[in-house]
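The values are calculated or read from the model by the stated rules, or taken from the named source; none is laboratory data. Keep in mind that this is a model prediction, so the values were computed, not measured. Backbone-built Cβ (ideal geometry, glycine too); neighbour counts: all protein chains shown.
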């Protein structure tokens, strides 16, 4: 007896001459998969997302961020 189910859903990447489109079953399976992955990651996912957003903010405003950090360091040295 085979350990693989013959009717198991699978992803096909070839359109075989037809317009490429995803079936509703594929969208549902992908949604279920993403929900399961998100549930498993939990707090770590939120922390990683926050770090990515902070990196985007700093990278998008590199000069402003560098100037702000420099001013904060200078102000803290002057306060001592």
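Structure summary
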| item | result |
| --- | --- |
| Where residue 21 falls short, out of the listed (1) surrounded by 10 or more Cβ atoms within 10 Å (Cβ to Cβ); (2) not in a helix (DSSP H, G or I) | (1) |
| Test for residue 42: is it outside any helix (DSSP H, G or I) and either at positive phi or at pLDDT 85 or above (or both) | no |
